[in-house]
Amino acid sequence: CPLESVDHIPCEDPRRSSQFSRERNYYRERHCPPPSENLLCLIPPPVNYKIPVPWPDSLYKIWHSNIPHNKIADRKGHQGWMKEEGPYFVFPGGGTMFPDGAIQYIQKLGKYIPLNGGAIRTALDVGCGVASFGGYMLKEDILTISFAPRDSHKSQIQFALERGIPAFIAMLGTHRLPFPARAFDLVHCSRCLIPFTAYNGSYMIEMDRLLRPGGYFVISGPPVQWPKQEKEWAELQDFARTLCYELTTVDSNTAIWKKPYNDSCFALQSRPGPDLCDEHDDTDVGWYVPLKDCISKVPLKGENAVDMLPKWPNRLSEPSQRVAEVKNWVDVFKADMRRWRRRVSYYKKALNLKIGSSSVRNIMDMNAGFGGFAAAIISDPVWVMNVVPAYRSKTLGAIYDRGLIGVYHDWCEAFSTYPRTYDLIHVVGIASIRDSRGGNRCSLVDLMIEMDRILRPEGTVVVRDTPKVIEMVVNIANAIHWNTEIYKTEPESNGKEQVLVATKQ
């Protein structure tokens, strides 16, 4: 592709987005080109691109030449976000609401929230900047997925991923976020500037959908005890009361609420407020679903609640009630866990994958199932974006119950990330995810060009599929200049598959 496409994101292209309405920031949401307009070329790296700084050093510094955009450093340097030093961008760990550093800020939150002990494992950082909050939460063994739109700062999510912190591009505007219900133990907003009570409270209601019973909702910054925003602060407190949230702490400009365990308080409310959603509303669906202004019903106490799930890391190997609809679900889950431990052991020994080395940090599993692949490499210094195809079985809730993270996605569209953001991409059944709704909506060529876009130079792709599909993949891989090797599967497998290992040049 032309050099000016170096940071191209097909579904977040500002030129296309500008055509859409600014009401509720609709123009900042995903707007994908029709298949006929997909670029049939490979995104080039920037001039002087270097192999990224390895983890954990990347948390503190990255190569300036890999993302040569200085706007955030110029605007936010005094707040400790990032600054340029020689050939690097360095990250002191600050944020607008914690200029002295995320460590000190997280210690403050730890006075009011049980951040250690394993009860809190999955967190969502809304409007994350360069994701220093999520980066330093890793020290607490808390896995945070951070998001922000592609806005005037341009590259905040790109910086986060270059640092090795879980992040993706998203906008809370008119649609649900691509997560299942009750996914997060903690939802955090530090000066994210979202008007939570606007539009009948639909933004805060979306946070409520994503938060587990007993989970914590944290806002630092406006309108919490903010000058000239007394009215907005009063409205936020009032709306939280209608949701039966308990305001546990107000510390300066930081407010912490706790979500109730059930609907009993809500049912007794006499004040006007949002209704409970219809019992037929599927709260786990999160792909192009319009935001709603009704409250998702909370399951019976104990199901998916924060302190009722096994504590981390025990929850990783416990079958989730969410897959109870699967026949013999406990046996299926445990068999899947054993299978992936076996496969990953074989991959590391026979396929010469660099999982576990400093050269692999950001991993994507494009067809994650129960998250077995991610669970099998949990002891390695990596994180995995578990992707569940949007129109397939809804296993993403079970993935979150295990203490892992991920998103829904339709692989006939581009993923919401910058180019060159993953070190390793893993996929089982590439032909089936290409068009999970059936028909011929997209081609395998388009899918593999998208994989090349998000893969870092010298990154690795692992494809497990039938020999017929692997043959097709190899032909396309050669055309897009990947080096390929085909392997047999592990001895314990049924022998009906092959494993392709490809490397981007």
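Within segment 132-159, take every residue that is at pLDDT below 95 and assigned to a loop (DSSP other than H, G, I, E, B) and give me the one that is surrounded by the most Cβ atoms within 10 Å (Cβ to Cβ).
150
Hey, among the residues in segment 446-484 that are open to solvent by 70 Å² or more (accessible area, probe 1.4 Å) and touching a residue at least 60 places away in the same chain (Cβ under 8 Å), which one's farthest from residue 360 (Cα to Cα)?
481
Need the failing condition index for residue 115 against (1) hydrophobic (A, V, I, L, M, F, W, C); (2) under 30 Å from residue 253 (Cβ atoms); (3) modelled with pLDDT under 95, just the number.
Condition (3) is where residue 115 drops out.
Looking only at segment 279-303, how many residues end up being assigned to a loop (DSSP other than H, G, I, E, B) and at pLDDT 85 or above?
Final tally of qualifying residues: 13.
Can you tell me which of (1) at negative phi; (2) of a type outside the set (Asp, Glu); (3) in contact (Cβ under 8 Å) with a residue 12 or more places away in the chain is the one residue 252 doesn't meet?
(1)
Please give the helices (runs of 4 or more DSSP H) falling wholly within segment 329-407 in which 3 or more residues are small (Gly, Ala, Ser).
329-350, 372-376
Looking only at residues that are under 22 Å from residue 199 (Cα atoms) and free of Cβ contacts under 8 Å to residues at least 12 places away in the same chain in segment 223-236, which one is least open to solvent (accessible area, probe 1.4 Å)?
Of everything passing the filter in segment 223-236, 233 is least open to solvent (accessible area, probe 1.4 Å).
Does segment 102-124 hold any residues that are in contact with a helix residue (DSSP H, G or I) (Cβ under 8 Å, 6 or more places away or on another chain) and over 23 Å from residue 310 (Cα atoms), and which are they?
Matches in segment 102-124: 102, 103, 105, 106.
Every residue, every condition in (1) part of a helix (DSSP H, G or I); (2) of a type outside the set (Ser, Thr, Tyr), yes or no:
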site	(1), (2)
425	no, yes
432	yes, no
448	yes, yes
453	yes, yes
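If I filter segment 348-378 down to residues being more than 25 Å from the chain's Cα centre (by Cα) and not charged (D, E, K, R), which single residue comes out as least open to solvent (accessible area, probe 1.4 Å)?
By that ranking, first place goes to 351.
The values are calculated or read from the model by the stated rules, or taken from the named source; none is laboratory data. Everything quoted here is computed from the prediction, not taken from an experiment. Virtual Cβ from ideal backbone geometry, glycine too; neighbours counted across all protein chains shown. Just the protein is used for accessible areas: all its heavy atoms, side chains included, with ligands, DNA and RNA removed. Shrake-Rupley method; radii C 1.70, N 1.55, O 1.52, S 1.80 Å.
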